[in-house]
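Take a look at the structure set out below.
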Amino acid sequence: MSVASFSLKRRLLFGSVIAIAVATILAGIGLDAISGLAIRALAQSQIDDEMRLLLASVEVNASNELSIDDGPQDSRFEIPNGGFYWQVGRSGKVELRSTSLWDEGIAWLNASSREAGAMSDVPGPNNIQLLAVERSVMISTPSGEQNVTALIALDNSELGPVRWRFFYAMAPSLVVLMLALIGAIVVFLRYGLRPLDNLSLELRSLRDRSTRQISGRYPDEIQPLIDSLNLLMTARDSQLQAARARAGDLAHGLKTPLAVLEATARNLAEAGQVEASATVREEVWRMDAQVRRTLAQTRASLAAAQSSRKTNLSTVLTKVVSAMRKLEADSIIKFEVQGPSDVMVMVDESDLTNIAGNVLDNARKWALSHCLVTVVAHRASTRVEMQIEDDGPGLPSNADYSFIKRGKRLDETISGTGFGLAIAKDIVEAYGGDLEMSKSDLGGLKVSVRLPRGVGEG
């Protein structure tokens, strides 16, 4: 079952991007609202300027009629439906109006003194929406002071293009700001999470047994966890040392009883009880083999858990093959080793010797004339494969591979306890490798051993 990827960095980056995007959108909405208020304020400022000109030019002549002397100069006042409008009147009646209004009028706002000068939305000619400002002044006439009201209105639709131009000018800046913030977040996450990347490398070194402790100084939020892990590793190493010592004590404790049983078997043979002696001796050998296998497995497990050293596979194979050649000095068996000479594996040297020795010894016993050792080390792989083949009879087609677990021999005519391959398999698996058997191209048995590759190997 596959496990979905769970990356803290991706989660933080995704959340930050979403937050920045939302904040940018909200900022755009806010700036758009502010720009609308600013444009409206500019429109009111323009209306106020025209209002001052209009009120300054209003007069009441001798016939008690309103007149305008050099009023507002904006050209839109002179164009019918030009978008800028003014009107002047008394007592709610429009007496003078701009050419842009033609013969239309705008409803008076009837603003109180407190609201005078405030801009309001009002309907205008042809159902357009206007922004209007209304003010009143007292004008002295021969008949006394008269209240004259003036209203100036601006087509609201003229503000839209200005607002959109502001938005179009603002949008690229917001996008650039958003991208800059996302870039800053990426840099921040790389910097902020760098201690976790370093911790990942340290944990990988622990897993590969190239170090025994996590080194370096980490942020205060992580350092207590690092200290606890180092204490745990120290305690585990102490427990492993104690377990190794107990395994050694067990081995020494069993030697004497087995020696006594061996002596008893000899006494039985001397007393004429040959069959009983053979039975006892066979069981002694089996017990001794089982003890050796258990001790080898225990030692390998402890060494695998503690080992941080790399061993040259070719060097060990050369030593083991040299020993095999001495054992077969009078035979015609040819030992051949193929492969690179600089391959390193993360296996204790004594355990690697035990693995190669047991597998090669099995091949030596069964080989007719040729024993081939091939080392395969692919550059992209994290494992090294060692293949040991012989040209012996091989395994029958109906062979049961379970003998490698129980120490059962397929052919009782060959001396040995049958635990060699089983011990090798136990040690290989203790280091996280695997051992498989198949038919060799030479005609005999091929044993493939895959072991963890040395850290930093090319």
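The values are calculated or read from the model by the stated rules, or taken from the named source; none is laboratory data. Quick caveat, the model's predicted, so the values are computed rather than measured. Note: ideal-geometry Cβ built from the backbone for every residue, glycine included; neighbour counts use all protein chains shown. Heavy atoms of the whole protein, side chains included, go into the accessibility calculation; ligands, DNA and RNA do not. Shrake-Rupley method; radii C 1.70, N 1.55, O 1.52, S 1.80 Å.
Observations
- Gap separating the Cα centres of the range 256-271 and the range 33-94, nearest whole Å: 131 Å
- Set Lys9/Lys310; Lys310/Lys439; Lys365/Lys439; Lys425/Lys446; Lys334/Lys439; Lys310/Lys365 screened for pairs whose C-alpha atoms are more than 23 Å apart: Lys9/Lys310; Lys310/Lys439; Lys310/Lys365
- Computed packing ranks the peptides 355-365, 66-76 as 355-365, 66-76, most packed first, by mean other Cβ atoms within 10 Å.
- Heavy-atom accessible area per residue - the range 49-203, 1.4 Å, Å²: 58 Å²
- Label positions at Asp220 and Ile25, each projected 7 Å from the Cα along the C-beta direction, are separated by 3.8 nm.
- Full-stretch length increase - Asn198, Ile34 - with 0.36 nm per residue and alpha-carbon distance subtracted: 54.3 nm
- Label reach from Lys334 (point 7 Å along Cα→C-beta): in the range 355-389, amide nitrogens under 14 Å belong to 368-373.
- Area accessible to solvent at Glu336, 1.4 Å probe radius, in Å²: 50 Å²
- Packing, as the average of other Cβ atoms within 10 Å across residues, places the peptides 194-201, 80-87, 219-226, 312-319 in the order 80-87, 312-319, 194-201, 219-226, highest first.
- Contour minus Cα-Cα distance for Glu104 and Thr211 (0.36 nm per residue): 29.2 nm
- Estimated inter-spin distance, Arg11 and Asp227, nm [label 7 Å along Cα→Cβ]: 2.6 nm
- Full extension of the chain segment joining Ala276 with Gln239 gains 9.0 nm, where the gain is 0.36 nm per residue of separation less the Cα-Cα distance.
- Carbon plus sulfur fraction of accessible area for the range 58-114, probe 1.4 Å, in percent: 42 percent
- A straight line joining the Cα centroids of the range 153-221 and the range 316-347 runs 57 Å.
- Cα pair count fraction exceeding 20 Å, expressed as % - the range 1-139: 60 percent
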